[in-house]
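Written out below as structure tokens is the structure these notes cover.
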Amino acid sequence: MELRQAGIPGLHLRTAGRGKTSRFRQLMGSIERLKALDIPVDAARPLAGRLVRNGRLRNLLHGQATGIPLHPILTDVPFGAWFMAVFLDLFPDAGTQRAATRLVGLGVISAVPTALSGWAEWALADRKTQRVGVVHAGLNASAVLIFAGSWAARRRGRRRLGVGLARLGAVVLIAGGFTGGYMGRDRQEDRP
């Protein structure tokens, strides 16, 4: 039995009970219809198109061999590194602080291939998904910059600033994760 069939409230983001569309779904629908986002979509299309022009690279990024696109797998690395760093920030000892700094750095570095694989997915999406995608990319790019600032602050001995930036980055990353999850789930549920 699928979880949706269990009838547990809150498991499905598409409805808010009694057949009503959830606020999150309404927000995503507004973003999908926001024609002002066509400007960044049109600007990014040629660059993203280059990623999928090469057939072998496209097949790798889209998971043709495995049936699983690479992007959802790669997101676990920066997401996991950054959230583990935020957890380790709760402990004041020097060894844990060094580990948190290294994890923040790992997240920043691993965000590059993660973003490239996301842009490859985005390049083949429909216009509505691409509009949500530029919001997703903007949120995630902001999170990467915030975590890069955290990494720099920590390396300069400004731990308190680094911790504060990491916490802010985590909030932005969660928002980006919701938009990304929506795109993946929406595309999956729209397939026959």
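The values are calculated or read from the model by the stated rules, or taken from the named source; none is laboratory data. On a predicted model such as this, the values are computed, not experimentally measured, just so you know. So basically every Cβ, Gly included, is an ideal-geometry build from the backbone, and we count neighbours across all protein chains shown. With ligands, DNA and RNA removed, areas are computed over all heavy atoms of the protein, side chains included. Shrake-Rupley method; radii C 1.70, N 1.55, O 1.52, S 1.80 Å.
Can you match Cα Rg over 2.2 N^0.38 Å to one of these, [x] 0.91; [y] 0.97; [z] 1.14, based on a calculation from the structure here?
Evaluating Cα Rg over 2.2 N^0.38 Å on these atoms matches [z].
Select from Gly80, Gly118, Gly105 the residue whose mean-square fluctuation is largest in a Gaussian network model of the chain (Cα-Cα springs shorter than 10 Å).
Most flexible of the set in this elastic network: Gly80.
Can you give the Kirkwood hydrodynamic radius for the stretch 50-137, in Å, rounded to one decimal and based on Cα pairs? Don't skip to the end; give the middle numbers.
Values: mean 1/r = 0.0692 Å⁻¹.
Its Kirkwood hydrodynamic radius stands at 14.5 Å.
Dipole size in debye (nearest 20) for the stretch 80-192 around its Cα centre, Lys and Arg Cβ +1, Asp and Glu Cβ -1? Present the calculation step by step, with values, prior to reporting the outcome.
Details: 15 positive and 7 negative charges, 104 e Å.
That gives a dipole near 500 debye.
Accessible area of His62, 1.4 Å probe, to the nearest 10 Å²?
Counting only protein heavy atoms, His62 exposes about 30 Å² to solvent.
Accessible area of the chain with a 1.4 Å probe: how many percent of it is carbon plus sulfur? Kindly include the intermediate steps, with their values, before the conclusion.
Working: 7220 of 11650 Å².
Summing carbon and sulfur atoms, their accessible area is 62 percent of the total for the chain.
Using Cα pairs closer than 8 Å and at least 6 residues apart in sequence, work out the relative contact order for the chain, in percent. Intermediate results must be reported in sequence, preceding the final value.
Working: 191 pairs, mean separation 39.4, N = 192.
Answer for the chain is 21 percent.
In debye, nearest 20, what is the charge dipole magnitude of the chain about its Cα centre with +1 on Lys and Arg Cβ and -1 on Asp and Glu Cβ, if you could check? Spell out each step's value before the answer.
On the way: 28 positive and 12 negative charges, 74 e Å.
Dipole about the Cα centre, nearest 20: 360 debye.
Rolling a 1.4 Å sphere over the protein heavy atoms, what is the accessible area per residue of the chain, to the nearest Å²? If you can, show how the numbers build up before the last one.
On the way: 11650 Å² over 192 residues.
On a per-residue basis, the chain sits at 61 Å².
Report the one residue of Thr114, Phe79, Gly63 whose Cα lies farthest in the direction of the positive end of the charge dipole of the stretch 38-123 (charges on C-beta: Lys and Arg +1, Asp and Glu -1; origin at the Cα centre).
Among Thr114, Phe79, Gly63, the one farthest towards the positive end of the dipole of the stretch 38-123 is Gly63.
For Ile31, Ile39, Ile109, give the ranking by accessible area with the largest first, probe 1.4 Å. Before the final figure, lay out the partial values.
On the way: Ile31 25, Ile39 130, Ile109 105 Å².
The residues order as Ile39, Ile109, Ile31, largest area first.
Specify the residue with the greatest mean-square fluctuation among Phe87, Phe79, Phe147, computed from a Gaussian network of the chain linking alpha-carbon atoms under 10 Å apart.
Of the options given, Phe87 has the highest mean-square fluctuation.
Using a 10 angstrom cutoff on alpha carbons, build the Gaussian network for the chain and name the most mobile of Asp93, Asp76, Asp42.
Evaluated over the chain, the most mobile residue of the options is Asp93.
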